[in-house]
Amino acid sequence: MARHYPTLTRNGFVLPSNIKASYEGAGEGRRSTGWDAPDNGVNSINTPALRNLRSRSRAAVRNDPYAFNVIDKRVSNLIGTGINPRPKTEDHELRKLLQELWEDWVDESDADERTDFYGQQALIARTVETSGECFVRLRPRSLDDGLAVPFQLQTLAPEFVPHDKFETTKTGNIIRAGIEFTPGGHRVAYWMYLSHPRDASSLNAGYNQLVRVPAAQVLHIFEPVEPGQLRGVPRLSPVLKRLRSLDNYDDAVLFRQEVANLFAGFISRPAPDAGPVPRDPVTGQPLSLDRDGFTPMVALEPGTMQELGPGEEVEFSKPPDAGNNYPDFMRQQLMAAAAGTGTPYEILTGDMREVNDRALRVVLTEFRRRLEQLQFSVYVHQLCRPVRAAWMDMAVLSGALVLEDYAQRRREYLRTRWVPQGWAYIQPVQDVQARRMEVQAGFASRSEMVLRTGYDAETVDAENAADLTRATTLGLNYNTLDAVQPIDDKEQT
């Protein structure tokens, strides 16, 4: 016999009531009263909040040491000394030429002339982590500028593209959050201010004038967390309120301890009509009262003994201390802040108590896996690859790179492997031995192992060959190929 369930309707759909009741989080009873969980789209939720999120995130990074450390440590591990390209072409001479031309351009890439391309990577990553997103203008330059490749990058803050601009253009395109789309959903342009709209130094310099910039000339860098997301959200968004409350609490405790360290005493004496005229305990002279009727304060000096008059007593202040639960409370809250930012507690605070090398390896492995995801899905895909393509196109068009068949083989020439800076060894001897065993067992190549350190195998081989030649010429003998004897865990520790 078929079983029938009572039904509920929502947005025109009929759902069996037992499906909704099977999830506690979907209940609407007393415990769920006041649970604000809007079901709007991601852009309807985050776009109105972006201005406050950015400003508060930047303020936290400027003033809160933990917020600053989150962003600083994440950027240093995401980018390090830079994410480098390694051309995949089989032509050795062409690879060498591409690398030399790229290295010449790296020093000239910044349109503001403050850093190099790898420094721009760090600046972009810091902007994305702090403000949620970053825009990069691709700037072709004149041959007369004398650049290795007439092409530069301009880094722009998120405010250059207004997130509150929504309208339909005369051509039928749709502008959403400052980004212009075709009816088919393809990005065709960004609407940008000529200067930062909230920078006082840019007033009367076109700060309120918007211009349409083709999407082919703009890179929009951010981490999308939901399908269809248009603008990025700061990394600190889930923990901004917690960090602010924790900072206020920590400041209050610090001030309380500062007051507690003030060694203050209070002298009490009988009323004037209850005894002889009060005299100064040091000079013996009658005390002179101030205009409020009180005796002046007596300063305390180290090593002095103070004699009080008849009937006088001293009572010292006893302000409360920080409390025994202060360290545990701070640790618990900082652990929550670390979890909300995707940063290990040990890296956020520098607190390595009760952490052994094995636990640290687990923590760092998880952290590095997450950063590698961002390195390749965000920074390589959204920044490095399009910059490399624009650089290659401009190098060929300007004559800095001569490739007669470039138009036909462009995809082949653009094939590049991007290599981030290698992770430092946790246990150097054991880690090197493990990699050597992988190569000897055929699980990985020596070139792959060298790339994991952030270097190029061909460069390492050339340097080794040069070192060997020089050592042989000078009659030197270095046993660089001798096996390293393994050591046990106790010796390593």
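The values are calculated or read from the model by the stated rules, or taken from the named source; none is laboratory data. Remember, predicted model here, so these are calculated numbers, not experimental data. Note that we place each Cβ from the backbone using ideal geometry, even for glycine, and neighbour counts take in every protein chain shown. Surface areas here come from the heavy atoms of the whole protein model, side chains and all, with no ligands, DNA or RNA. Shrake-Rupley method; radii C 1.70, N 1.55, O 1.52, S 1.80 Å.
Between residue 464 and residue 97, the contour length at 0.36 nm per residue exceeds the Cα-Cα span by 130.0 nm.
Close amide H pairs (under 5 Å, H built 1.01 Å from N) link residue 418 with 86, residues at least 5 positions away or on another chain. Taking a ≥ b ≥ c as the square roots of the Cα gyration tensor eigenvalues, with a/c under 1.5 meaning rounded and otherwise prolate when a/b beats b/c, else oblate, which class fits the stretch 427-478? Taking the square roots of the gyration eigenvalues as a ≥ b ≥ c, the stretch 427-478 is prolate. Taking packing as the residue-averaged number of other Cβ atoms within 10 angstrom, the listed peptides 370-380, 68-78 run from highest to lowest as 68-78, 370-380. Note on residue 245 and residue 166: the model spin-label points, each 7 Å out from Cα along the C-beta direction, lie 3.1 nm apart. What FRET efficiency comes out for residue 407 versus residue 42 if R0 is 35 angstrom and r is the Cβ-Cβ distance? Round to the nearest 0.05. Calculated value: 0.30. Distance between the pseudo-spin-label points of residue 474 and residue 432 (7 Å out from Cα toward the beta carbon): 2.0 nm. Classified by the C-alpha gyration tensor, the stretch 68-157 has an oblate form. Its axis ratio a/c, with a ≥ b ≥ c, is 1.5 or above, and a/b does not exceed b/c. Given a 1.4 Å probe and the protein chains as shown, residue 326 ends up with an accessible area of around 50 Å².
Rounded to the nearest whole Hz, the Karplus-based 3J(HN,Hα) values (6.51 cos²θ - 1.76 cosθ + 1.60, θ = phi - 60°) of the stretch 244-259 follow the sequence 5, 5, 5, 5, 5, 5, 5, 5, 5, 5, 5, 5, 5, 5, 5, 5, with x at glycine and proline. The residues of the stretch 427-478 have, on average, 70 Å² of accessible surface per residue, using a 1.4 Å probe with all protein chains present.
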